[in-house]
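Here the structure is laid out as C-alpha cells; the discussion comes afterwards.
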Ligand SMILES: [Zn+2]
C-alpha cells in the first residue's frame, strides 16, 4: 500500500477509527521545486480505548536506529489486541534524514531541531516544523519515546534518559525508563525549562517522556538488527506499562543509574579514544589523545571526575571544542 498524503491532519479524528492501521505524509510546506516538506506518521489505533503512546526518530537526521525500530514495531503490532494507540513518527526531520545529516542543511541558517522545541509558528522552517509537530501530534499524546543515537560520528552505549523530579509526570517518565530494557539509566539533573530539547519540552507540557539513545554508524555493520530489536522490545514494554498491550512490563534488572556530562576538547585533529564504552574511569585518567597530521600530540582529554564512559566520538578526526566524550557519574539507586 502506498503512503497516504494528508493536506490537513486531525489526530483526534484519526483515533476514532478503532482497530485500524494507516500511514502517510502530512504536508508541512512546499519547496521551490514543488516537492513538499512532510511529516511521516504511522497510526496503529487499537480496537479498544486506552492511552496514546508516541514514538519518534530522526529529530537528528543521521540517527537511524530509532527510525528502523519504529517501523519494525508498527509492522508487528496487532491492533485487534490493543487497548489504546501507538503513533510512530519515523523521521521528524525528514529533510535531514534524506540528507544523512544531523540537521537540515538546505535551511538558510541551519538549526538543530532538538534544541528549539516547542518551536514557533512564525519561525523559519525547522522552527516551524518543531511547532507543527507539537501542535499536530505531540500535544494529543499521553506519553513520548523520542529516540536518538550516536549518528554518523559517535558511539553511544544503550542508555535511557528521563527528566524532572517530584511530580507525577517525572515519576511516570522514570518508570517508563525502568521498563525500556536498556541497562544504563540517565537521570537528567541538568534539566532546565526552555532548553528546546524534545523530552524536556514534553515534560513541561505534562507529557511523560524518555529519550533512549543507542548505536551509531560505527555499530551498523554488525549490530543493526540487534539494535532494531532492542528498540522494538523497549517500545512494546512501554505499551505494556500503559496497558495498551497485554502482559507485565517488567523492570529491567541490574541497571546502572548515571548523570552524564558532555566533555569537550580544545584542539581538533586525529582522535584516538583510549577509554571505551562502559570503562570505569578515575579523575585524571586520559580518555583520548588528539594528534596533528605530523603525529604530534595537540590535545589530551582528561577525565574531570570518577565515572563510566557512556559515549564518545568514533570518527577518526574531531573538530575543535566538540563533545567528544560522554561520561556518567554514578547515581545511587535511592537518589535516582
Ligand atoms: Zn540525537
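FYI, it's all coordinate maths here, none of it is from the lab. These numbers come from a predicted model, not from an experiment. Neighbour counts are summed over all protein chains in view; Cβ atoms, including those assigned to glycine, are modelled from backbone coordinates with ideal geometry.
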Point to revise | Hits in the stretch 76-104 (condition: more than 16 Å from the ligand (Cβ to nearest atom) and out of contact with any strand residue (DSSP E or B) (no Cβ under 8 Å at 6 or more places or on another chain)) | key: 76, 78, 80, 81, 98
Practice item. Filter the stretch 196-212 for residues that are within 16 Å of the ligand (Cβ to nearest atom) and in contact with a helix residue (DSSP H, G or I) (Cβ under 9 Å, 6 or more places away or on another chain) and give the result. Key: 196, 197, 198, 199, 201, 202, 209, 210, 211, 212
Review point. Which of the residues that make up the stretch 196-223 are assigned to a helix (DSSP H, G or I), touching a residue at least 12 places away in the same chain (Cβ under 8 Å) and touching a strand residue (DSSP E or B) at 6+ places or on another chain (Cβ under 8 Å)?
Key: 198, 199, 200, 202, 203, 218, 219
**Study point:** Matching residues, the stretch 276-330, being in contact (Cβ under 8 Å) with a residue 60 or more places away in the chain and more than 27 Å from residue 220 (Cβ to Cβ)
**Key:** 329, 330
Check your understanding: With (1) assigned to a helix (DSSP H, G or I); (2) away from the ligand (no atom under 16 Å from the Cβ) as the list, and residue 165 as the residue in question, which single condition is left unmet?
Key -> (1)
Review point. If you check every pair at least six apart or on different chains, which have Cβ atoms under 6 Å apart with a residue in the stretch 49-72 that is touching a residue at least 40 places away in the same chain (Cβ under 8 Å) and within 17 Å of residue 93 (Cβ to Cβ) first and a residue that is part of a strand (DSSP E or B) and within 16 Å of the ligand (Cβ to nearest atom) second?
Key: 54/144; 55/145; 56/89; 56/146; 63/148; 65/214; 65/215; 70/55
Exercise for review: Could you tell me whether residue 193 is more than 15 Å from the ligand (Cβ to nearest atom) and either buried (at least 24 other Cβ atoms within 10 Å of the Cβ) or in a helix (DSSP H, G or I) (or both)?
Suggested key: no
Revision key, fill the gap. Checked the stretch 7-45 for anything in contact with a helix residue (DSSP H, G or I) (Cβ under 7 Å, 6 or more places away or on another chain), farther than 25 Å from residue 61 by Cα and loosely packed, with under 12 Cβ neighbours inside 10 Å; matches are 12
Revision key, fill the gap. When restricted to 234, 243, 268, the only residue touching a helix residue (DSSP H, G or I) at 6+ places or on another chain (Cβ under 6 Å) and surrounded by 14 or more Cβ atoms within 10 Å (Cβ to Cβ) is 234
